[in-house]
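What follows is a set of notes on a single structure, which appears directly below.
The values are calculated or read from the model by the stated rules, or taken from the named source; none is laboratory data. All values reported here derive from a predicted model rather than from experimental measurement. Note: ideal-geometry Cβ built from the backbone for every residue, glycine included; neighbour counts use all protein chains shown.
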Amino acid sequence: MDEHAVLVELGLTDSEAIIYLALLEQGSSLVGPIIKKTGLHRATTYQILERLKEKGLVSSIIVEKKQHFSAISPKEFSTLLQEKEERFMEILPRLLLKESLAKESQQVTVYSGVKGLRTVFDQMLDEIAVGGAYYDFGVSGTFKEVMGSYFYTWQKKKKEKHMRPRVIFNKSVRETKPELIKEYVGEYRFHPEDFTSMTDTFIYNDTVVLVIWTAKPPVAIVIKNKENAQSYRNQFLLMWKNSKK
């Protein structure tokens, strides 16, 4: 696939891709040479340049009362794409929640505050059988910070029930909270890329629990639906397969 086709696949229009590539080849340029190279109309070229500026892909400066345009480096373009992906991943739990709420035959309950979250985690311990498992991804290590000493109670009870949880930590936890990993009871891996999420997604039995640690107070959304839980479980297993130990 050529460069133009890839840029269009990434979201640029046909004309935007043409002008971006033309600017990369020409360097800083007045609008005249761009029009000559691309064959686009003058008014259209200005409109597209403004759109590319809004997207952060083109910059401009005034030199001797004339506007010169430049394309950002492909490396910066790559950074912009990564930032967009990270922003999407931040809202992914909320999008998945919207999707799940649209499905029938499910029970949704919202708990807030430390006491509310304790109720949720105690309920998890009660509902998971001895030797059973839960899955959790998007783990930032904030559980201990928010729940305090309950973190140790939670780990102790998991051990007593011989539970076999699997957790995917955010990559940063390995460097910033190594003691947390030692204290954690269960099997764990790390996201292969830097991905910061303050939302834990727990999956067990027919239940999905979304814990939003950054809410004031913290919030847990409990969704009971067999089909929904299986969908999240499949997603976790795919992430687990592609995560690093």
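Structure summary
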item: Residue match in the stretch 149-165 (condition: free of Cβ contacts under 8 Å to residues at least 12 places away in the same chain, closer than 17 Å to PRO218 by Cβ and not in a helix (DSSP H, G or I)); result: yes
item: Looking only at the stretch 163-193, and only at residues there that are polar (S, T, N, Q) and in contact with an Asp or Glu (Cβ under 9 Å, 6 or more places away or on another chain), the one that is surrounded by the fewest Cβ atoms within 10 Å (Cβ to Cβ); result: SER172
item: Matching option when the condition is modelled with pLDDT of 80 or more, within 30 Å of SER28 (Cβ to Cβ) and not hydrophobic (A, V, I, L, M, F, W, C), among SER112, SER73; result: SER73
item: Looking only at the stretch 10-43, and only at residues there that are of a type in the set (Val, Ile, Thr) and part of a helix (DSSP H, G or I), the one that is nearest to SER73 (Cα to Cα); result: ILE19
item: Scan of the stretch 120-145 for residues that are more than 10 Å from PHE202 (Cβ to Cβ), assigned to a helix (DSSP H, G or I) and either aromatic (Phe, Trp, Tyr) or within 27 Å of the chain's Cα centre (by Cα) (or both), ordered by number; result: THR142, PHE143, LYS144, GLU145
item: Pairs where the first residue, in the stretch 128-142, is in contact (Cβ under 8 Å) with a residue 60 or more places away in the chain and in the same structural domain as SER172 (by TED's automatic domain parsing) and the second is among the basic types (Lys, Arg) and part of a loop (DSSP other than H, G, I, E, B), C-beta under 6 Å, 6+ apart; result: ALA133/ARG164
item: Residue identified as within 23 Å of the chain's Cα centre (by Cα) and either more than 30 Å from ASP206 (Cβ to Cβ) or among the polar types (S, T, N, Q) (or both) among LYS98, LYS37, LYS55; result: LYS55
